[in-house]
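The values are calculated or read from the model by the stated rules, or taken from the named source; none is laboratory data. Since we're looking at a predicted model, the values are computed, not measured. Glycine also receives a Cβ, built like all others from the backbone with ideal geometry; neighbour counts cover every protein chain displayed.
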Amino acid sequence: MGILYRSSVNRKPNDSMRLIIITFMGVFLGFLIGISFPTLSLTKLGIPSGLIPKIDEMYNTDIKAGSSTQTSQNFPSTTTGSGDKNNSHNRNGTSEIWVPSNPRGAERLAPGIVAAESDFYLHRLWGNPHEDLNTKPNYLVTFTVGYKQKENIDKAVKKFSENFTILLFHYDGRTTEWDEFEWSKRAIHVSARKQSKWWYAKRFLHPDIVAPYDYIFMWDEDLGVENFDAEEYIKLVRKHGLEISQPGLEPTRGLTWQMTKKRDGLEVHKDTAERPGWCTEPNLPPCAAFVEIMAPVFSREAWRCVWYMIQNDLIHGWGLDFAVRKCVEPAHEKIGVVDSQWIVHQGLPSLGSQGETQNGKAPWQGVRERCRKEWTMFQSRLANAEKAYFKSLGIDPSNSPKQ
C-alpha cells in the first residue's frame with residue numbers, strides 16, 4: 001500500500017503541468033476562432049439555412065432587451081442606409097426600420113410587407129393563393145338574423161347577385177341549420193347570442209376589413225323585398241351621387257318618418273316636408289340628410305367615418321340616423337332615399353324577444369327602454385365632444401352656423 005501511495009504522489013506534478021498546457025492551448029485556439037468568426041459567412045461555415053431564422057430571432061430579442069452595441073453590430077443592419085428619412089436609431093445606435101406612416105403598431109415593418117386591409121373573400125386550403133378567387137364581389141350585404149326568419153332572409157338574399165358578399169350575424173346562436181339554403185354555404189356566418197346589428201358592426205366591420213367593397217348594406221331581417229333589385233339600386237345610388245342611402249318604404253306599413261316614405265314616379269328624393277316643428281332647418285334631419293337605421297347603405301368612404309362614430313357600448317344604434325350626416329359633405333345632397341327600388345318594413349319585434357323579464361316588464365319593453373336611453377346618451381356624447389373640441393380651439397360654437 002505504501003508503494004502505491006508514493007508512486008501516485010510522484011506522478012502528480014507531471015499530470016498537473018499537462019492539464020495546464022492543454023487548458024492554455026484550448027483557450028488560445030478558441031480565441032483564434034472567435035476573432036475569425038465575424039469575417040466568415042454563414043454558408044462557408046456550413047451552418048444549415050434552417051438555423052438562420054433562429055439567429056434573426058435572437059437578434060430581434062437582443063434589440064428588444066437592449067443588448068450591447070457590439071452584439072448588434074455583429075449582424076447586418078435592417079436598413080439600406082443610415083440616412084433614410086424613414087429610419088431612426090435606437091438607444092444603442094443601431095439602425096432599424098421605423099416608418100411613422102405605417103398603421104399604428106406596424107411602424108417597425110418595411111412598408112412593402114404591410115397588409116393593412118382585409119376582406120371576407122373565401123380562400124381554398126390548397127393550390128396557389130393567387131388562383132383562389134375567380135371573382136371578387138364589389139359589395140357587401142349584412143343581415144342580423146334569427147333562424148325563425150329564415151324564409152324572409154332567403155327571399156332577401158336571392159335579390160343580391162354574386163357581386164355581393166353575404167354576411168349573416170346570428171343573434172340566436174343557430175348557424176348550421178342555414179345550410180339547407182345553397183347560398184348559405186358560400187356566406188359568412190358570425191354568431192354571438194343576444195347581440196344587435198350595431199354591436200356586430202363595431203366589432204366585425206372595421207373600415208380596413210370592408211375596404212374592398214364599394215357599398216355596405218346594413219339591413220335588418222324583417223324587410224320585404226319583392227319590389228327590390230340590388231344591382232339596379234347600386235346604379236341609382238351612383239347616378240345620384242348618394243354616399244348614404246336606403247330604399248324607399250312602402251307608405252302604409254312600418255312608417256315613422258316622412259323622409260323615408262316611397263314616392264311614386266321618382267328615382268330618388270333627398271328632402272321632405274315633415275310635421276310642423278319637427279325640422280329646425282330644411283337641410284337638416286329629419287327633413288333632409290336623413291335615412292333610418294333599419295336598412296342603410298353606406299359607401300366605403302362614408303362607412304369609414306360612421307364606424308368611428310358608433311359607440312362601443314351603445315349597441316342599438318338609436319340616434320345614429322340623425323348624426324351620420326356629419327360624415328358626408330354636403331349631407332343634404334349626398335344622403336337620400338331610392339324610391340324606384342323600395343321595400344316593406346314588416347316591423348317584426350324579433351330582437352325584443354331576446355331580452356329578459358325584469359321588474360315585471362316584458363322582455364321587449366326592457367329592450368325598447370334601453371333603445372331610448374341609448375339615444376339620449378348618444379346625443380349627449382356627441383354634443384359634449386363637439387363642445388370640447390371647439391373649446392380647445394377657442395371657438396364659441398353658439399356663434400357658428402348650424403350644421
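I'd like to check which helices (runs of 4 or more DSSP H) are fully inside the range 284-403 and have at least 2 residues that are at pLDDT below 90.
Numbers: elements: 300-309, 320-323, 331-334, 363-392.
Here the list reads 363-392.
For the range 275-286, check the following and say yes or no: at least one residue is in contact with a Leu (Cβ under 9 Å, 6 or more places away or on another chain) and within 26 Å of Thr144 (Cα to Cα). No, because not a single residue in the range 275-286 is in contact with a Leu (Cβ under 9 Å, 6 or more places away or on another chain) and within 26 Å of Thr144 (Cα to Cα). Exactly one residue among Arg238, Arg203, Arg193, Arg186 is of a type in the set (Lys, Arg) and in contact with a His (Cβ under 9 Å, 6 or more places away or on another chain), and that residue is Arg193.
Within the range 108-122, track down each residue that is closer than 30 Å to Tyr215 by Cα and either surrounded by 10 or more Cβ atoms within 10 Å (Cβ to Cβ) or β-branched (Val, Ile, Thr) (or both). Spell out how you get there, then give the answer.
So in the range 108-122, the residues closer than 30 Å to Tyr215 by Cα come out as 111-122.
Selection gives Pro111, Ile113, Val114, Ala116, Glu117, Ser118, Asp119, Phe120, Tyr121, Leu122.
Test Leu255 against the stated conditions and say whether it is surrounded by fewer than 23 Cβ atoms within 10 Å (Cβ to Cβ) and either touching a helix residue (DSSP H, G or I) at 6+ places or on another chain (Cβ under 7 Å) or assigned to a loop (DSSP other than H, G, I, E, B) (or both). Considered against the rule, which asks whether it is surrounded by fewer than 23 Cβ atoms within 10 Å (Cβ to Cβ) and either touching a helix residue (DSSP H, G or I) at 6+ places or on another chain (Cβ under 7 Å) or assigned to a loop (DSSP other than H, G, I, E, B) (or both), Leu255 comes out as yes. Give the number of residues within the range 266-296 that are farther than 25 Å from Trp198 by Cβ and touching a residue at least 60 places away in the same chain (Cβ under 8 Å). So the count comes out to 7. Close Cβ contacts (under 8 Å, 6 or more residues apart or on different chains) running from residues in the range 147-167 that are under 19 Å from Ser118 (Cα atoms) to residues that are assigned to a loop (DSSP other than H, G, I, E, B) and among the charged types (D, E, K, R) comprise Thr165/Asp119; Ile166/Arg186.
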